[in-house]
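Structure, as structure tokens:
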Amino acid sequence: MEAISKSDLLRQLPSVDELLRSPELAELIAREGRPAVTDAARGVLLRLRQEVTAGILNAERMKMALGSVPEAIERQLRAELKFSLVPVINATGVVLHTNLGRAPLGSSAIEHLVQVATQYSNLEFDIEAGERGKRDVHAQRLLEKIFASVRQDAISSVVVNNNAAAVLLVLNTLAEGGEVIVSRGELVEIGGSFRIPDVMSKSGALLREVGTTNRTRIADYEQAITERTKMLLRVHRSNFEIVGFTEQPTLEQLVALGRKHNIPVVEDQGSGALVELAEFGIAQESNVFDSLRAGVDVVTYSGDKMLGGPQAGLLTGRTDLIAKIRANPLFRALRVDKLTYAMLEATLLAYVKRDYAAIPALGMMRATADWLRGRAEHLVERAGQVAPGVSCEIVKTESLVGGGSAPGTTLPSYAVAVECDGMSCDELAEALRLHQPSIVARVEDSRVLLDLRTIFPGQIEVVAMGLAEVSRK
């Protein structure tokens, strides 16, 4: 039989118009719209042309491909129209998992978000006065209540889009063109290769390093002060520890030095804890109250870490300094929208009411090992009922706070170690990850672990059915 040339094969391909007029695509067009189906059809035809040109399709394969073009267009359309940002099940045991979106939001935050997002709101409108207002008030009024008993002097707050933005803004406002003194042991790098010295450089402030990596004394700060010094900066080591032969001045010592020379002291506190963390079994992590009680002039912290709210950067401190920060033109470029304010307001309201159960991240950190073991037993029982090809074992493990918070701190937990017939550890972890919804597990000591600390109660059934589906495949 004479071989068919590539040009002959290409001529067999239908035009886009032909495909759109075909009865097989009529329902798809009615459901998804002609423009979307047109784009998908072009994509399928382009792929077929490329396969012909590359010699992948011969006459027989072309016949098969042409017979399944409508199905290929529907698959292409599904791939193009599906969401990229999707929910996943966090079975890693890392509560504030940066790659998985950090703190999950509470139901009250979501309800308030929907109310504000689907209607007009008083974002910058003073209802009582009937005139323009300020968006700051929605968070400021609650933060005032939360910090009411911390200090005698008046403190205020503003909100920007993340903590890096908060640090950039305070440096640019209070220290542009001047020097900022910071310990060498605090020149940290946060996620995504962003470094404190780089943020400082972009702010227009000049870095003045003092001390050594492991030891910095208050005298080092004092000796570095000149007429060009605009700020003393403390950067909380939120994602690593320095142990052993170490020394660091207390915040109170740094504040006293700042008062002596009339230089503001700023702390990048980072994690944003608004509770005493010792009751959660986290003894070494500081909180925002500690910084303000010590007299720090401005504290910057995150909204989506220990605070348990949406991504945001909060600045709290002396009212006069916060007013300067708010007047900086850069503030407008970094401010947050109504959706962030809605979620943040609901989260802060839970703190005002001391309703910590309404903040999922705090609930996960507070969960006891015994309670988690009971949930692990439930998962093993359900997996045994629906996934006979999977073997499960309950094991003691350690969870992490994560999210650049409480480095070195672990929380006692229980996990279910799972194995599946005919699959390696890595293959099982991948299969769970590719399941819908994605189940992101932890691989440890050549075992796949499902840590119950970060699996919501309502997700246990979903995980069990996911194990069943993976084992069948």
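Every number here is computed from the coordinates shown, using simple stated rules; none is lab data. Please read all numbers here as calculations on a predicted model, not as lab measurements. Glycine gets a Cβ as well: all are built from the backbone with ideal geometry, and neighbour counts include every protein chain shown.
How do the peptides 385-397, 308-320, 335-347 rank, highest first, by the average count of neighbouring beta carbon atoms within 10 Å per residue?
The most tightly packed comes first, giving 308-320, 335-347, 385-397.
What does the highest-first list of 225-232, 94-101, 349-356 look like by mean Cβ count within 10 Å?
Peptide ranking by packing, descending: 94-101, 225-232, 349-356.
Using the Kirkwood formula over every pair of different C-alpha atoms, what hydrodynamic radius in Å results for the range 85-166?
Answer for the range 85-166: a Kirkwood hydrodynamic radius of 16.2 Å.
If one puts a single equal scatterer on every Cα of the range 351-473 and applies the Debye formula without solvent, what log₁₀ I(q)/I(0) results at q = 0.09, 0.13, 0.17, 0.19 Å⁻¹?
-0.26, -0.53, -0.86, -1.03
How many angstrom lie between the C-alpha centres of the range 266-308 and the range 10-69?
The range 266-308 and the range 10-69 have Cα centres spaced 58 Å from each other.
With the crude spin-label approximation of a point 7 Å out along Cα→Cβ, what separation in nm comes out for residue 125 versus residue 371?
Taking the two extended label points, one gets 4.2 nm.
What is the diffusion coefficient of the chain in µm²/s, taking the Kirkwood radius over Cα pairs and the Stokes-Einstein relation at 4 °C with a viscosity of 1.567 mPa s?
Estimated via Stokes-Einstein, D reaches 50 µm²/s.
Want the number for residue 51 to residue 75: 0.36 nm per residue separation, take away the alpha-carbon distance, what's left?
Full-extension gain reported as 6.9 nm.
Run the quick spin-label model on residue 261 and residue 8: label points 7 Å from Cα toward the beta carbon, then report their separation in nm to one decimal.
Label at residue 261, label at residue 8, 8.7 nm between them.
If packing is taken as the average count of other Cβ atoms within 10 Å, what order do 42-48, 66-72, 292-298 fall into, highest mean first?
292-298, 42-48, 66-72
Quick one: Cα centre-to-centre distance for the range 329-392 and the range 85-104, in angstrom?
Answer, in whole Å: 9.
Please state, to two decimals, what the Cα-based radius of gyration of the range 282-416 comes to when divided by 2.2 N^0.38 Å (N = residues).
Normalised by 2.2 N^0.38 Å, the Cα Rg of the range 282-416 equals 1.42.
Taking the Cα-to-Cβ direction at residue 444 and at residue 201 and moving 7 Å from each Cα, how far apart do the two end points lie in nm?
Spacing of the two 7 Å Cα→Cβ label points: 3.9 nm.
Please give the contour-minus-distance gain from residue 27 to residue 66: 0.36 nm per residue of separation, less the Cα-Cα distance, rounded to one decimal in nm.
That pair, residue 27 and residue 66, stretches by 12.1 nm at full extension.
Ratio to report: Rg/Rh of the range 6-81, with Cα atoms as the point set and Rh obtained by the Kirkwood method; give two decimals.
0.97
Could you give the length gained on full extension between residue 187 and residue 339, defined as 0.36 nm per residue of separation minus the Cα-Cα distance, in nm?
51.4 nm
Cα convex hull of the range 134-283: how many Å³ per residue?
About 144 Å³ per residue, rounded to a whole number.
Give the average over all directions of the projected area of the C-alpha convex hull of the range 26-174, one decimal, in nm².
18.6 nm²
Considering the alpha-carbon set of the range 106-358 alone, what are its Rg and its Dmax in angstrom?
18.3, 61
Below 8 Å, C-alpha to C-alpha, sequence gap of six or more: please give me the relative contact order for the chain in percent.
Computed over the chain, the figure is 19 percent.
Give me the orientation-averaged projected area of the Cα convex hull of the range 198-305, in nm², one decimal.
7.6 nm²
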